[in-house]
Amino acid sequence: MLPYLDKKPKGAPDFYFAINATFRFIQERFGMQQLIRYWGDLGRSDYFKPVADDWTKRGGTAVAEYWRDFFAAEPDAKVEVISTGSGVEVQVSQCPAIHHMRKHSREIVPEFCQHCYYVSQSLAECAGWEVRIEGGAGACSQFFGPKGSFAPQDISNIKRIEKRL
Amino acid sequence: MIGCYDFCGHYEWTFAWIDKNFGREALQDYWRDAIAGDSQMHAAMAIQAKGIIGMEEYWGHTLAEEGAGFTSVRTNDSFRIDMHDCPSKGFLIDNKLENHCDYCDHCMGWIGPTMEKAGFVVDHEHNHRGTCWWAFRPSESLTPSEESFEITHDPTWASEGTVIDRYKGATHPDQKTTDPSLPPTSST
């Protein structure tokens, strides 16, 4: 269940340019620590509170439902959401943001994929959950489980985006 | 992941975050550098290269993609938009999202610098309720458009409690006058 609904069934993909530009601006102007702070503040903000509340209330069912609905509204996303015994796996075979930005030859912030960890982790923490991510740069695996399910995230397991010449 | 479906929601939240942590000047720099100069570089390139035709190409694509309700008119010396259903502000209103004091400022925040670089100025009014009009004209043109805008004849344009922001020959978000509950006007 998505907390905010639009009149269109899917988002406008050019907005990925603005998301990427926002990360670049904060990183270049204020530094990487402020960019990480931005992602964390967003994840635990009132903006995502309806999502955290739903995850708290309905657990893994809500987590799986959220990501299925989320990616269904993102253009050109190729994603499988799998409910496991106690958690949820999100297998992203085509990240809609990376796909669109590469299609338009945009320079992507190298740490772009880290936002998925920092935003989702701070959101999940509000619901007593956590996330770990492997891969990136167009395809990744995201594992959601109740707090205490996983070893700490190794950020180096999240790929940087290399410039394509 | 943060996505494009609810982009306007976290975009507006970001305005409040930058404003609160780094101040209004940083927010205006964000609109100018990140949005005009980076995200919307395709708009800047089209308008700098083709002028008014570039405006028509850019907004024709982007407003259709965003699902806007609008009409536009291109003349030899101006490009005009009547926006009667802004998809961006409309998303915020429909979802009761208001983290920043004036979301509508962001449009002039990035369009103003884009137009300035291309040699144009902006006449514009918005009513903070998802309707607005725009006229872009060469900066050497001293006279704003004389024709009234369709949107200003709508009875809801300046209904009670509405606050209208007005720009005339502007290129910066602070170049506005703000008037509460003004009657409908032409663009003059």
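Coordinate-derived values only; no laboratory data. Nothing here was measured: the structure is a model prediction, and the numbers come from that model. Cβ sites come from the backbone with ideal geometry, for glycine too, and all protein chains shown count toward neighbours.
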Which of B:94, B:29, B:38 fluctuates most in a GNM of chain B (C-alpha springs under 10 Å)? That residue is B:94
Can you tell me which of A:153, A:94, A:33 moves the most in a GNM of chain A? Springs connect C-alpha atoms under 10 Å apart.
A:33
Once both labels are modelled 7 Å past Cα along the beta-carbon direction, what's the residue B:49-residue B:76 spacing in nm?
2.6 nm
Restricting attention to the range A:40-94, which chymotrypsin sites (Phe, Trp or Tyr not before Pro) occupy a DSSP loop and are surrounded by at most 14 other Cβ atoms within 10 Å?
none
Under 10 Å, Cα contacts only: if you run a Gaussian network model on chain A, which one of A:36, A:133, A:19 comes out with the highest mean-square fluctuation?
A:19
Under 20 Å from the Cα of residue A:163 - lysines, other chains or at least 8 residues apart
A:103
Angle, helix A:32-43 long axis vs. longest principal axis of chain A, Cα atoms, 0 to 90°, nearest 10?
40 degrees
Out of the GluC sites (Glu not before Pro) in the range A:57-165, which ones are loop residues according to DSSP with at most 15 other C-beta atoms within 10 Å?
A:107, A:162
Go through the range B:20-100 and name the trypsin sites (Lys or Arg not before Pro) that are in a DSSP coil and have 16 or fewer other Cβ atoms within 10 Å of their Cβ.
B:96
Expressed in nanometres to one decimal, the distance between label points 7 Å along Cα→Cβ at residue A:34 and residue A:103 is 3.3 nm
Between the range A:85-141 and the range B:147-181, how far is it from one alpha carbon centroid to the other, in angstrom?
41 Å
